[in-house]
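K.L.:
Take this structure, written in structure tokens, and hold onto it; I'll ask about it next.
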Amino acid sequence: MLEKFAPPKNPDPKVFFVDDSEDLRMLFIHLMKFRFKENCKGCATLGQMLDNKDEVLRAQIVVLDINLGVGEPSGIDCYDWLKNNKFTGKILFLTGHAKNHPTVKKAWQSGAQVFEKPVDSKQFTELLASKLREPLHGNA
Amino acid sequence: METLEYLFRTETGIFFCGAFISVGVSLSLLAICFYTVFKNKVLLLFAIQSPLIHPLFLSANTNPRELLDLGGHTVWLPLLHLLVALAIYCFYRLVKEIIGEAFGQATRDKVFTVVVSIVVAVRIITAFSISELTIRAAAFVTIFFFLMIAVEGLFFHPRTFAEKLAKYSLITFTLLSIYPFIRTGILPPAPSDNFVVVLVMAVLSIFSVVWFFALIEITRENFSNLKILELQKRARAFIDLRDLMNTPIQVLVLGLEILESVAPTETTNRMRKAVQRLTNVSKRLNRFENDVNWNDSKNFFEPPANLQ
């Protein structure tokens, strides 16, 4: 009975970064922790995202890189999976590729916000933090 | 004999002959000049074919035993037949180059190749054993060559004006099949050989000029398409380069942000400037985005091996 009221030992990550660059993921996570005391997590591929699917679905924001490596499912596939699994948080795309490429176009057409690398890290993390403070109601 | 009398013994005859041969030779020289610019082998093939077929048609007397009045010369006569074989081969290659992708039908393509091989082979045999039989045989198979040209011309669906010109010049060319028809005896000899020679000279001159312009125009179009492709390739290389830079720059931006929030120093300031410069370079490459045609690449995420 008492367990119910105890704070969870490992709080769910608020933001989930899916990017094949480990350095980029780790620095984002570090920065979010450092500046806003927010717990974030990340992974490299759709497969790894599925391994953590409970955490991902409970996250408030998922940041998807569009290119997750040669031969890997793209960020668009991650987006579709999240949509099909009734993810209620916000989805943001972060890409380093041309706007008019068919895959990147899909991201723009999805209605989710797309950010082009390199983003201003201060502004971007502040944006993430402000989105975390917004009440939860579907995608931005 | 009377034709040759007319051509080489009268002033008008010599004038026509000279004009006719000069058309072939000058178009050939022009084609070589254009080749230096466009670097398309079509023009070289034309440069070989054009000066050959003009004198060769002139030499093709309707009397099968007489191929120009060479008195059965042992060197010139075989040489002329070999040149006919060369001209036919060049012409075949040229038609294939021009109609190339529009060829479509693989069977027609094969039939054309087989026909040309036979025609060339029979010509070469004729060159080495000149007799009435071999000359008639050579003329007979040449009819099938003309037939194939006619088929190619008729089934060729031109997309541009130049291709339309090429199509109609090929169809005009088939009028020249009157020679092998007379030589084989399928058509009766014309009432006047002069008439046939003048007709052939006129048709061939018109054909050569129109064919030449069509070829120039087609190679020019190819040339500008190639240039566009070249520019697209360059734009693609820049975009690939930019895409490879973006994630490392992002890592630098994030790392610097962390370092600065711990302790901003003179060093982090300098690094900030450098990172800003890299960001600007990446942004400056954005303008090449619109020049890249993504349709031709299945996966643009795969950077070229030499950049990886």
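K.L.:
Condition (residue is in a loop (DSSP other than H, G, I, E, B) and touching a residue at least 60 places away in the same chain (Cβ under 8 Å)) applied to segment A:127-138: is it met by at least one residue? Before the answer, list the steps.
P.N.:
Pass one, segment A:127-138, residues in a loop (DSSP other than H, G, I, E, B): A:134-138.
Still in the list and also touching a residue at least 60 places away in the same chain (Cβ under 8 Å): A:136.
Scanning segment A:127-138 turns up at least one residue that is in a loop (DSSP other than H, G, I, E, B) and touching a residue at least 60 places away in the same chain (Cβ under 8 Å).
K.L.:
Out of everything in segment B:241-270 that is charged (D, E, K, R) and over 60 Å from the mean Cα position of the chain (by Cα), what residue ends up being farthest from the other protein chains (Cβ to nearest Cβ)?
P.N.:
Of all residues in segment B:241-270, those charged (D, E, K, R) come to B:242-243, B:257, B:260, B:266, B:270.
If we keep only those that are over 60 Å from the mean Cα position of the chain (by Cα) as well, we get B:257, B:260, B:266.
On the way: B:Glu257: 4, B:Glu260: 9, B:Glu266: 20 Å.
Applying the filter and picking the extreme gives B:Glu266.
K.L.:
Taking the options B:Ile143, B:Ile88, B:Ile135, B:Ile130, name whichever one is outside any helix (DSSP H, G or I) and at negative phi.
P.N.:
On the way: B:Ile143 fails: outside any helix (DSSP H, G or I); B:Ile88 fails: outside any helix (DSSP H, G or I); B:Ile135 fails: outside any helix (DSSP H, G or I).
From the options B:Ile143, B:Ile88, B:Ile135, B:Ile130, the qualifying one is B:Ile130.
K.L.:
Identify all residues within segment A:30-44 that are buried (at least 20 other Cβ atoms within 10 Å of the Cβ) and more than 10 Å from chain B (Cβ to nearest Cβ); write none if there are none. Quick ask: steps written out before the conclusion?
P.N.:
So the first thing to find is which residues in segment A:30-44 are buried (at least 20 other Cβ atoms within 10 Å of the Cβ), and the list is A:31-32, A:38, A:40, A:42-43.
Passing the criteria: A:Met32, A:Glu38, A:Cys40, A:Gly42, A:Cys43.
K.L.:
Something else about it: Mind listing whichever residues of segment A:72-95 are within 12 Å of chain B (Cβ to nearest Cβ) and in contact with a strand residue (DSSP E or B) (Cβ under 7 Å, 6 or more places away or on another chain)?
P.N.:
Matches in segment A:72-95: A:Gly75, A:Leu94, A:Thr95.
K.L.:
How many residues are closer than 14 Å to B:Phe213 by Cβ and at pLDDT 90 or above if we restrict to segment B:34-49?
P.N.:
3
K.L.:
Being outside any helix (DSSP H, G or I), out of contact with any Leu (no Cβ under 6 Å at 6 or more places or on another chain) and either free of Cβ contacts under 8 Å to residues at least 24 places away in the same chain or under 18 Å from B:Leu285 (Cβ atoms) (or both) is the filter here; which residues of segment A:87-116 pass it?
P.N.:
A:Thr95, A:Gly96, A:His97, A:Ala98, A:Lys99, A:Asn100, A:His101, A:Val114, A:Glu116
K.L.:
If you don't mind, there's one more thing I want to ask. Got a sec? Which of B:Leu226, B:Leu204 is assigned to a helix (DSSP H, G or I), surrounded by 17 or more Cβ atoms within 10 Å (Cβ to Cβ) and of a type in the set (A, V, I, L, M, F, W, C)?
P.N.:
Values: B:Leu226 fails: surrounded by 17 or more Cβ atoms within 10 Å (Cβ to Cβ).
Unique residue meeting the criteria: B:Leu204.
K.L.:
Hey, any hits in segment B:206-224 for a residue that's under 30 Å from A:His97 (Cβ atoms) and away from chain A (no Cβ under 14 Å)?
P.N.:
Step one: list which residues in segment B:206-224 are under 30 Å from A:His97 (Cβ atoms), which gives B:224.
Pick out the ones that are also away from chain A (no Cβ under 14 Å) and you get B:224.
Yes, the conditions are met somewhere in segment B:206-224.
Each row is one residue, and each column tells you yes or no for (1) farther than 23 Å from B:Leu252 by Cβ; (2) away from every other protein chain (no Cβ under 12 Å); (3) surrounded by fewer than 23 Cβ atoms within 10 Å (Cβ to Cβ); (4) β-branched (Val, Ile, Thr).
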| site | (1), (2), (3), (4) |
| --- | --- |
| A:Glu22 | no, no, yes, no |
| A:Gln48 | yes, yes, yes, no |
| A:Asp54 | yes, yes, yes, no |
| A:Arg58 | yes, yes, yes, no |
| A:Asp65 | no, no, no, no |
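The values are calculated or read from the model by the stated rules, or taken from the named source; none is laboratory data. Predicted, not measured: the structure shown is a model, and the values here were computed from it. Methodologically, a virtual Cβ is constructed for each residue, glycine included, from the backbone with ideal geometry; neighbour enumeration extends over all protein chains shown.
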